[in-house]
Amino acid sequence: MMQVKLPRGIKYRVEIPQPGIIIPGSENEPIITVFGRDSNIQYKLISCALEQDCIVQDTYSAGNLDDDEIEMIDSWVEYLTPSLLQEAGVRHTIHFLPDSTCYYDFASQTLYGANGYKEKKGVRTENRENTAPINGEPYKLKKSETAFIELLTRTPNAPFSMEDVEDLSGLHGAGSVTSTWHEFKRHDSAIDATFDRKNGMFFYRGIPQIWVIGEDKEDELTLKKLFEVVGYGDVVASFDKTRLRVCLAEKASPEEKLMFLGVANALIDLTTIEMDINRFVVSNYCPASVLIGFLNRYSSDNSVSLEAVWKALREKLTENLTLSLNASTYHYETEEIPSRLADLKGYTVTAGRLEKSLQRICPAIKSIITSTRVGTDYFGYCDIAVKPSTVVDYIAALVLACFSYCRSEQDPMISQKKTRYQSILTALIRKQFNYSPPGDGKKGIIEEIQRMLAEIQLETREAGLDSSVSKLIKINDLLNLLGNNDSNSLLQTSIGREL
């Protein structure tokens, strides 16, 4: 067994953040501080678990430690990261799909809530007759199966080779890997939908891993939760074409909440969910036909630009927030609810008053990001310092994210379309909120290669190879920058010949 220890005279302490979901790269990561002999070295434990740059440079001091001793500390932290996370009270799980009951616990290497099949004890075969249903009972995975989760989910949509899988799983030979892969994919429909294998490469297409401190549950983002934060005043107002809608915030109907958040008509026709409108707002339920229509509209090849939708939603939210302040003043002075725009004439909102109102919302919006799964699903390594100048953009992002958590009756088309929608929305959020993952230089180039390879995989599936030629050329250029003599080494031989 590997022996790892700290150098002489060195101690450590684990600093635990506030309870909630931990967003990788943010200030709420648990930190281990290693100190002694005038040294002070801090590591972000989640980043360590993801095998990313995790040393906090701002506080770094080597003191009287030599290079060998610093290397000893690095090795100690790397080896004990899982134990240190447990010491910090961190639960580490992954749910695969937003609406899946199945999830994997990294500490126990156990699958919970699975609806598929497991191999009968002592029998190894791909035959369904020699399997047994899991029926949602806890199911401890074999080491070779945990490798698929622990390797592929580190970077969703990034490609991993057969050699990568063999190194971590202990499996040897394509036949052994393939057999275990098929067995693993049968454990649950969410696993089957999110773990992919194409052109000799392995991919994970689902939502990211989650780290949580606190209660044994992950709060879910809903439009109801968002309305309670944004519509904090006495009254809320919205303007739909020619009609002003104003109501007391505490008595707002589901329709009025959707109007205020800019969802009604702009994003979805409320008549299509009339019978389910309350479930839609409270628990993210949306009829399958309506959800598929929404996902098609904003994430298919000929879809409406989600960036343009974001911009329109931001403008509508700003308008409704301003109208609500106008209506609030009117209601305070007259003790009545305005019914026409003309009623609000003279009740203007200054820029300073609007800024103060937005400032009140900022802490609660940040809390939603850090206390629900949307933080890790979309905002990892993004700026989450919510300010009055940016808070409306954060609200727009959260409104759009709600649709990725919608549940409906089972339909095989939904999972694939959701994955596409989540990918587009993630890219927009990263663009808007200064996505800055750790690492630069050669590591950054490799990450760019992985990102584009994942995009190509999706495009070739949907539109054919021709649409991806320019990206393939760019990938080869990046490989050349790395000094790779075989510029086609990450591509299948047949693809290289076609180019």
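The values are calculated or read from the model by the stated rules, or taken from the named source; none is laboratory data. Predicted, not measured: the structure shown is a model, and the values here were computed from it. Glycine gets a Cβ as well: all are built from the backbone with ideal geometry, and neighbour counts include every protein chain shown. Surface accessibility is based on the protein's heavy atoms, side chains included, excluding ligands, DNA and RNA. Shrake-Rupley method; radii C 1.70, N 1.55, O 1.52, S 1.80 Å.
Please report, as a whole percent, how much of the solvent-accessible surface of the range 1-41 comes from carbon and sulfur atoms (probe radius 1.4 Å).
Of all accessible area on the range 1-41, carbon and sulfur atoms account for 52 percent.
Could you calculate the FRET efficiency of Gln359 with Glu220 from 1/(1 + (r/R0)^6), where r is the beta carbon distance between them and R0 is 30 Å, rounded to 0.05?
With a Förster radius of 30 Å, E is 0.70.
If you add up the charges near Arg8, with Lys and Arg at +1 and Asp and Glu at -1, over every other residue whose beta carbon is less than 13 angstrom from its beta carbon, what do you get?
Once positives and negatives cancel, what remains is 0.
Per residue, what accessible area does the range 270-314 have, given a 1.4 Å probe and all protein chains present, in Å²?
48
Measuring from centroid to centroid over Cα atoms, what is the spacing of the range 53-91 and the range 274-347 in Å?
Their Cα centres are 47 Å away from one another.
Would you mind checking Lys387/Lys418; Lys11/Lys143; Lys120/Lys143 for any pair whose Cα atoms are more than 27 angstrom apart?
With Cα atoms farther than 27 Å apart: Lys387/Lys418; Lys11/Lys143.
Can you pull the percent of the range 46-163's accessible area that's carbon plus sulfur, 1.4 Å probe, other chains left in place?
Its accessible area is 45 percent carbon and sulfur atoms.
Starting from 0.36 nm per residue, how many nanometres of slack lie between Glu228 and Arg279 once their C-alpha separation is accounted for?
Answer, rounded to one decimal: 16.8 nm.
What GluC sites (Glu not before Pro) in the range 1-108 are in a loop by DSSP, with at most 14 other Cβ atoms within 10 Å of the Cβ?
Passing sites in the range 1-108 are Glu27, Glu51.
Give me the orientation-averaged projected area of the Cα convex hull of the range 186-332, in nm², one decimal.
Taking the Cα atoms of the range 186-332, their convex hull projects to 13.0 nm² on average.
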